[in-house]
Structures are given as C-alpha cells and as structure tokens.
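What follows is a set of notes on a single structure, which appears directly below.
The values are calculated or read from the model by the stated rules, or taken from the named source; none is laboratory data. Quick caveat, the model's predicted, so the values are computed rather than measured. Using ideal geometry, Cβ is built from the backbone for each residue, glycine included, and neighbour counts are taken over all protein chains shown.
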Amino acid sequence: MTADAELLTVPEVMAHLKISRTAVYDLIRTRQLASITLGRARRIPAHALTDLITTRLEQEPA
C-alpha cells in the first residue's frame, strides 16, 4: 500500500490537525474532508487530508 492509499483513523486525523473529534466529523459532514466507511469504522484517505490542507492554504489571504 502506498502512502497515498494509506487510510487514517479519526484519532490520527485529530492528532495531525490538532483539532477535536467533533471538528473532524464536521469537516466530514460538510464534505471538506473525504472519508469512507468500512463496516462501522470511518477512515480518511491520507491524500484527502493533504488536499484539505492544500485547499485551506490556498484560501488564506496573502
């Protein structure tokens, strides 16, 4: 499995972004952060986290 295909858990995303569980689920709910559900487990592709960060950096005023 390549780094791009790596699947992250919600706690891992929380740690990367230093935000709460609620904030991560809000990003997922508003479709700002892509995720998949495997059974009852929610997983976030690593590339989706990278895309979110890149998009936010591009939106920031210079």
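Pairs are defined by a Cβ separation below 9 Å, a sequence spacing of at least 6 or placement on different chains, a first member in region 1-15 that is closer than 19 Å to Gln32 by Cβ and modelled with pLDDT of 95 or more, and a second member that is in a helix (DSSP H, G or I) and hydroxyl-bearing (Ser, Thr, Tyr); the pairs so defined are Val10/Tyr25. Whether a residue is acidic (Asp, Glu) and buried (at least 16 other Cβ atoms within 10 Å of the Cβ) was assessed, and Glu6 does not pass this test.
Condition first: polar (S, T, N, Q) and surrounded by 12 or more Cβ atoms within 10 Å (Cβ to Cβ). Now tell me which residues in region 9-24 satisfy that.
First pass over region 9-24, keeping only residues polar (S, T, N, Q): 9, 20, 22.
Hit for region 9-24 is Thr9, nothing else.
Pairs linking a residue in region 30-54 that is touching a residue at least 40 places away in the same chain (Cβ under 8 Å) and under 15 Å from Val13 (Cα atoms) to a residue that is among the polar types (S, T, N, Q) and part of a loop (DSSP other than H, G, I, E, B), with Cβ atoms under 9 Å and 6 or more positions apart or on different chains, are Pro45/Ser35.
Considering each of Leu33, Leu27 in turn, give the residue that is modelled with pLDDT of 95 or more, part of a helix (DSSP H, G or I) and surrounded by 14 or more Cβ atoms within 10 Å (Cβ to Cβ). On inspection, the qualifying residue turns out to be Leu27.
Say whether the condition of being surrounded by fewer than 10 Cβ atoms within 10 Å (Cβ to Cβ) and on the phi > 0 side of the Ramachandran plot is met by at least one residue in region 38-53. Break it down into steps so the answer makes sense when it comes.
From region 38-53, those surrounded by fewer than 10 Cβ atoms within 10 Å (Cβ to Cβ) are 38-40; that's our starting set.
Going one step further and asking which of them are on the phi > 0 side of the Ramachandran plot, we end up with 39.
Within region 38-53, one or more residues are surrounded by fewer than 10 Cβ atoms within 10 Å (Cβ to Cβ) and on the phi > 0 side of the Ramachandran plot.
Thr50 falls short of the stated requirement of being at pLDDT 95 or above, of a type in the set (Val, Ile, Thr) and part of a strand (DSSP E or B).
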